[in-house]
Amino acid sequence: MAKRITDAQVLGERGVALLSRRLLDMGFLWHPTNAPVEAGIDGFIELRDPTTGEVSNTWLAVQSKARTKLDKETDTSFEFVCSRKDLEYWRRGNMPVLLIVSRPDTQEAWWVPVKEYFADPARATTQKIIFDKRSNALIGTAQPELLALSAAAGSGTYFRPAPTPEHLLSNLLTITRFPACFYRADTSYGEATDLHQELRRRMEYPPRQWALHGGVLYSIHDLREEPWCHVCDRGTVERIETEEWAQSDDPDVSRRFVWLLKDCLHEVCGRLRMKLDKDEGYYYFKATEDLSPRQVSYRSRQKATRRTVFRAYRSKLNPDKVAYYRHVAFEPRFIRFDGKWCLEINPTYRFTSDGAEPHPFREEYLSKIKSIEGSGAVGGIVVMFAALLADRTYLFARNYDHLGFGSLLGVDLPVGIDDLQWRKRDAAPPQDATDDDDDTDPIAEAERTDLLFREDIL
């Protein structure tokens, strides 16, 4: 298909050419932005002393609007309605901004200083400018007014650049699938260990996803069936709709709901070769049988990648000796945010002596790595866990029936965050590197992990 230039584009260029000639006739210089995309400023007027030719770094910003027909035109005036976004943008900073409306067909142009015009709140509400064809004409007699306008703004005028919108990712992973329903029934068992032993008598690996509280058994499994009917009063079994618990404001109901979700999460993490440390409350990647490094592959925000989630770190003093093993881990927390249930992912690490036993200096190692770990390292691990826990979408994928995850919650910000402030504690620039193929200390490793919590909106 052939490239085209529209009539509107040609008209706009004719308007810019017209105002450029008028400004040169006044002795001023016109500097167009020539940007393919601009947010509300087409160029800048550099003012100079018309007598001496001296320039003093004094500028006016300009938005050009070319028209073939003027709105509500009379012999003496016409109207122009500004968009709310344009007004908000033009009024930033202290540099004077001119709106120049032109009619190239008749070689006419008119100007208005936007900030001064809309200093009146009543005018700002209407967003409307009424041009006086005589007093607002862009002709030679406007030269002193333009000089006075810049002088009033003073030296050091600036125009705030257009805000860059950003998308921020949180560590909240949305839940897309819950158990179809829940069941409750009375039971004579008062301790969970006793009830579990009874279930073990009837099957080698009894299902999880149940909780015992106050003589009542709760589960995602139908308690009227085997083996549950042997540990509860079948006649008291009640079916509870998931929505009833998910949206309840009763703290006790929410607590029971989370109990069962945690058991479901245990099943999901087990499929990822992760184990729960009951004392610490986190899931960690298990050691390999031969203690060789374990890697996982996943899809990050930008590409397919991999990360080493279990490995040995050797002593600096004695390279033949393993100082410790490090397991990537996360602390889970189910929360309801803005009416939606999510899994909060809090990355952490487990340090062991032999891949199983906790290392005697684990607390010191953990404190050290977290003290220097930047947002990039944390963000990269959160994205990894989100990708691993999310439902598989390929054909014949075997997702867990009772719990499913979607994507990380994010928020669109109209104004981005200053990179220098964001990264002031981070030692490395953002990148998509992973921590594989490197046997250095995890402290150095944490300084080069990818920053994945920020996305520019194109």
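Got at least one residue in region 129-140 being at pLDDT below 90, out of contact with any Cys (no Cβ under 9 Å at 6 or more places or on another chain), in the same structural domain as ILE45 (by TED's automatic domain parsing) and not acidic (Asp, Glu)?
There is at least one residue in region 129-140 that is at pLDDT below 90, out of contact with any Cys (no Cβ under 9 Å at 6 or more places or on another chain), in the same structural domain as ILE45 (by TED's automatic domain parsing) and not acidic (Asp, Glu).
For region 96-111, enumerate the residues that are in contact (Cβ under 8 Å) with a residue 24 or more places away in the chain and surrounded by fewer than 20 Cβ atoms within 10 Å (Cβ to Cβ).
ASP105, GLN107, GLU108
Only one of LYS370, LYS424 is assigned to a helix (DSSP H, G or I) and at pLDDT below 90. Can you tell me which?
Working: LYS424 fails: assigned to a helix (DSSP H, G or I).
Sole residue among the options that is assigned to a helix (DSSP H, G or I) and at pLDDT below 90: LYS370.
Can you say whether ALA356 is crowded, with 16+ Cβ neighbours inside 10 Å, among the aliphatic types (A, V, I, L, M) and either in a strand (DSSP E or B) or assigned by TED's automatic domain parsing to the domain that holds LEU276 (or both), as far as the supplied structure shows?
On the way: crowded, with 16+ Cβ neighbours inside 10 Å: no; among the aliphatic types (A, V, I, L, M): yes; either in a strand (DSSP E or B) or assigned by TED's automatic domain parsing to the domain that holds LEU276 (or both): yes.
No, not satisfied.
Within the group LEU403, LEU413, LEU408, which residue is within 18 Å of the chain's Cα centre (by Cα) and either crowded, with 20+ Cβ neighbours inside 10 Å or acidic (Asp, Glu) (or both)?
Working: LEU403 fails: within 18 Å of the chain's Cα centre (by Cα); LEU413 fails: either crowded, with 20+ Cβ neighbours inside 10 Å or acidic (Asp, Glu) (or both).
Being within 18 Å of the chain's Cα centre (by Cα) and either crowded, with 20+ Cβ neighbours inside 10 Å or acidic (Asp, Glu) (or both) holds for just one of LEU403, LEU413, LEU408, which is LEU408.
Determine which single condition GLN247 fails, assuming it passes every other condition in (1) on the phi > 0 side of the Ramachandran plot; (2) out of contact with any strand residue (DSSP E or B) (no Cβ under 8 Å at 6 or more places or on another chain); (3) of a type outside the set (Gly, Ala, Ser).
That leaves (1) as the condition not met.
Out of ARG271, ARG301, ARG294, which single residue is at pLDDT 95 or above, within 30 Å of SER375 (Cβ to Cβ) and among the basic types (Lys, Arg)?
ARG294
Quickly run through region 366-377 and pick out the residues that are of a type outside the set (Lys, Arg) and touching a residue at least 60 places away in the same chain (Cβ under 8 Å).
The first filter runs over region 366-377 and keeps only residues of a type outside the set (Lys, Arg), leaving 366-367, 369, 371-377.
Scanning region 366-377 gives ILE369, ILE372, GLU373, GLY374, SER375, GLY376, ALA377.
Identify all residues within region 264-317 that are within 28 Å of ARG177 (Cα to Cα) and small (Gly, Ala, Ser); write none if there are none.
Matches in region 264-317: GLY270, GLY281, SER297, SER300, ALA304.
Determine, yes or no, whether ALA329 is of a type in the set (Gly, Ala, Ser) and without any contact (Cβ under 8 Å) to a residue 40 or more places away in the chain.
No: the conditions fail for ALA329.
Is it true that some residue in region 52-68 is at pLDDT below 80 and farther than 23 Å from PRO96 by Cβ?
No, region 52-68 contains no residue that is at pLDDT below 80 and farther than 23 Å from PRO96 by Cβ.
With a cut-off of at least 3 residues that are buried (at least 16 other Cβ atoms within 10 Å of the Cβ) and not charged (D, E, K, R), name the strands (runs of 3 or more DSSP E) lying wholly within region 171-258.
Hits in region 171-258: 181-186, 210-213, 216-219.
Contact list please: Cβ distance under 7 Å, first residue in region 1-26 and at pLDDT 85 or above, second residue assigned to a helix (DSSP H, G or I) and among the small types (Gly, Ala, Ser), pairs at least six apart or on different chains.
Correct list of pairs: ASP25/GLY140; MET26/GLY140.
Restricting attention to region 276-290, report how many residues are of a type in the set (Gly, Ala, Ser) and either touching a helix residue (DSSP H, G or I) at 6+ places or on another chain (Cβ under 8 Å) or loosely packed, with under 15 Cβ neighbours inside 10 Å (or both). First the steps, then the outcome.
Step one: filter region 276-290 for residues of a type in the set (Gly, Ala, Ser), giving 281, 287.
Going one step further and asking which of them are either touching a helix residue (DSSP H, G or I) at 6+ places or on another chain (Cβ under 8 Å) or loosely packed, with under 15 Cβ neighbours inside 10 Å (or both), we end up with 281.
So the answer is 1.
Please find, within region 12-34, the residue that is farthest from the chain's Cα centre (by Cα) out of those that are small (Gly, Ala, Ser) and buried (at least 17 other Cβ atoms within 10 Å of the Cβ). Step through it out loud before you land on a result.
At the first step, the residues of region 12-34 found to be small (Gly, Ala, Ser) are 12, 15, 17, 20, 27.
Now restrict to residues that are buried (at least 17 other Cβ atoms within 10 Å of the Cβ): 12, 15, 20.
Details: GLY12: 37, GLY15: 40, SER20: 42 Å.
Applying the filter and picking the extreme gives SER20.
Only one of ILE369, ILE335, ILE345 is within 27 Å of LYS321 (Cα to Cα), under 31 Å from the mean Cα position of the chain (by Cα), in the same structural domain as GLY410 (by TED's automatic domain parsing) and of a type in the set (A, V, I, L, M, F, W, C). Can you tell me which?
Being within 27 Å of LYS321 (Cα to Cα), under 31 Å from the mean Cα position of the chain (by Cα), in the same structural domain as GLY410 (by TED's automatic domain parsing) and of a type in the set (A, V, I, L, M, F, W, C) holds for just one of ILE369, ILE335, ILE345, which is ILE369.
Are any of the residues in region 213-223 within 18 Å of CYS269 (Cβ to Cβ) and without any contact (Cβ under 8 Å) to a residue 12 or more places away in the chain?
Taking every residue of region 213-223 in turn, none turns out to be within 18 Å of CYS269 (Cβ to Cβ) and without any contact (Cβ under 8 Å) to a residue 12 or more places away in the chain.
Could you tell me how many of the residues in region 41-60 are touching a Ser or Thr at 6+ places or on another chain (Cβ under 9 Å) and either within 25 Å of THR125 (Cβ to Cβ) or among the β-branched types (Val, Ile, Thr) (or both)? Don't jump to the end; show me each part of the working.
First, the residues of region 41-60 that are touching a Ser or Thr at 6+ places or on another chain (Cβ under 9 Å): 41-49, 56-60.
If we keep only those that are either within 25 Å of THR125 (Cβ to Cβ) or among the β-branched types (Val, Ile, Thr) (or both) too, we end up with 41, 45, 58.
Qualifying residue count, region 41-60: 3.
Mind checking which residues of region 291-335 are surrounded by fewer than 16 Cβ atoms within 10 Å (Cβ to Cβ) and basic (Lys, Arg)?
Answer for region 291-335, where residues must be surrounded by fewer than 16 Cβ atoms within 10 Å (Cβ to Cβ) and basic (Lys, Arg): ARG299, LYS303, ARG306, ARG314, LYS316, LYS321, ARG333.
The values are calculated or read from the model by the stated rules, or taken from the named source; none is laboratory data. These figures come from a predicted structure and were not determined experimentally. For neighbour counting, all protein chains shown are included, and Cβ atoms are generated from backbone atoms with ideal geometry for every residue, glycine included.
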